[in-house]
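Worksheet: one structure, shown below.
Coordinate-derived values only; no laboratory data. Fair warning: this is a prediction, and the values are worked out from it, not measured in the lab.
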Amino acid sequence: MKTFFACLSFALALIPNVAAHYRFNSLIIGGQSSPEYTYIRKNSNFNSPVTDVTSNDLRCNVGATGAGTETATVTAGDTIGFALDTPVYHQGVLNVYMSKAPADAASYDGSGGWFKIYEISAVTDGGKTITFPTDNASKFTFTIP
């Protein structure tokens with residue numbers, strides 16, 4: 001699995017209202033954040049939620065294209081992640097999905113099948129309280145399966 005991050009080859013959803021939100025603008029590889037939009041498709045959405053969950057904008061955000069986006073090589077077992085343009089300020093769950101690019105990740109539009117590889121869920125103590133570890137997070141990392 002390499003070169004699949006040109007399109008943020010997964011959908012990120014922070015879910016309290018079933019709306020994608022926030023901009024993940026830097027890829028983290030080996031603990032180092034890339035310059036903004038080097039390996040992530042630049043979009044025209046200024047942190048407004050994508051409210052239509054059937055929209056293609058949920059894949060890579062509003063206005064995102066692969067033009068000028070570089071690809072990174074990662075393999076199963078690597079730890080990667082994303083930095084956000086602003087810390088998470090709405091409580092919610094974070095899900096990470098991947099989709100295999102059929103050939104060239106730079107031109108892939110994300111229309112293939114998707115599968116979940118990571119989540120940060122709510123934490124509860126049996127129903128008395130609930131907290132969200134994503135609250136105030138400005139980055140997160142996970143292991144590629």
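Send over the per residue convex hull volume for segment 28-79, Cα only, as a whole number of Å³.
114
Work out from phi, with θ = phi - 60° and the Karplus expression 6.51 cos²θ - 1.76 cosθ + 1.60, the ³J(HN,Hα) of each residue of segment 69-78, listed in order in whole Hz, and give x for Gly and Pro.
8, 7, 10, 10, 9, 9, 10, 3, x, 6
Taking amide H atoms as placed 1.01 Å from N in the peptide plane, list the residues 5 or more away in sequence, or in a different chain, whose amide H sits under 5 Å from that of residue 117.
Amide H neighbours of residue 117: 96, 97, 98.
What aspartates and glutamates sit close enough to residue 116 to cross-link, taking a C-alpha to C-alpha distance under 17 Å and skipping anything fewer than 8 places away on the same chain?
Correct list for residue 116: 78.
Cross-link partners among aspartates and glutamates for residue 100, C-alpha distance below 12 Å, same-chain residues fewer than 8 apart left out?
109
Would you mind listing how long segment 24-145 runs along its three principal axes, going by Cα atoms, in whole Å with the largest first?
Between the extreme Cα coordinates on each principal axis of segment 24-145 lie 48, 33, 28 Å.
How large is the Rg to Rh ratio of segment 62-116 when both quantities use alpha carbon positions and Rh follows Kirkwood?
0.97
Residue-wise, which Karplus ³J(HN,Hα) couplings in Hz belong to segment 91-104, taking 6.51 cos²θ - 1.76 cosθ + 1.60, θ = phi - 60°, and x for glycine or proline?
My calculation for segment 91-104 gives 5, x, 8, 10, 10, 10, 10, 10, 9, 7, 6, x, 8, 9 Hz in order.
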